[in-house]
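Here's the structure, in structure tokens; my notes come after.
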Amino acid sequence: MTIPYLAQRGQQQKLEWLDGGTYSVLLDSDATDGQLSVGRFDVAKDEAPPFHLHTREDEVFLLIEGSALVWVGDERHELEEGGIVYLPRNIPHGYRITSERADLLVIATPGGLEKMFRHAGRDLTTPRPDGFEISRQLLAEAAEIGGNVVVGPPR
């Protein structure tokens, strides 16, 4: 069997993301002919994106290490290490990391979610500008590019 795409760790793009966390692009939509995107977060306690929904893709989170609170619509759930969440498009959701660190695998189908992270995140192979931060405006631009809608502040 031929492997259509393979990227070793050193070939995967790593981006600085919210609250000093990182997002690694493991597979992007170019590598999968638009079928899916796969990424990995390494984040610290209290990292929490705005409450949002995706209009273009379904999303799966696998909590490899750590713990988190997850909101799906009006429901709140505790997610333990090894737990997994399926988030269909157009369903508002968010999370907050409750452990000191967390390692999350993110799968989105169809692909393209990585475009949002690339727009607002900083490629770690480039020098860090003084005072770098992902502003609300930049995050809003990135969300629009990705077809995401911010519906509220982080939970």
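The values are calculated or read from the model by the stated rules, or taken from the named source; none is laboratory data. It should be emphasised that the depicted structure is a prediction, and the values quoted were computed from it without experimental measurement. In this analysis, Cβ positions are derived from the backbone assuming ideal geometry, glycine residues included, and neighbour counts consider all displayed protein chains. Heavy atoms of the whole protein, side chains included, go into the accessibility calculation; ligands, DNA and RNA do not. Shrake-Rupley method; radii C 1.70, N 1.55, O 1.52, S 1.80 Å.
What the table below lists for this structure:
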read-out: The listed residue being under 14 Å from the mean Cα position of the chain (by Cα) and not basic (Lys, Arg), out of 113, 79; value: 113
read-out: Meets criteria (hydrophobic (A, V, I, L, M, F, W, C), within 19 Å of residue 47 (Cβ to Cβ), at pLDDT below 95 and out of contact with any His (no Cβ under 7 Å at 6 or more places or on another chain)) for residue 132; value: yes
read-out: Condition broken by residue 144, with the remaining ones in (1) charged (D, E, K, R); (2) under 15 Å from residue 57 (Cα atoms); (3) crowded, with 18+ Cβ neighbours inside 10 Å satisfied; value: (3)
read-out: Test result for residue 108, aliphatic (A, V, I, L, M), within 25 Å of residue 31 (Cβ to Cβ) and in contact with a helix residue (DSSP H, G or I) (Cβ under 8 Å, 6 or more places away or on another chain); value: no
read-out: Number of the condition not met by residue 144 [criteria: (1) touching a residue at least 24 places away in the same chain (Cβ under 8 Å); (2) closer than 27 Å to residue 33 by Cα]; value: (1)
read-out: Residue in region 13-25 that is least open to solvent (accessible area, probe 1.4 Å), counting only those that are at pLDDT below 95 and out of contact with any Phe, Trp or Tyr (no Cβ under 7 Å at 6 or more places or on another chain); value: 18
read-out: Test: residue in region 144-151 that is in a helix (DSSP H, G or I), farther than 15 Å from residue 15 by Cβ and acidic (Asp, Glu); value: yes
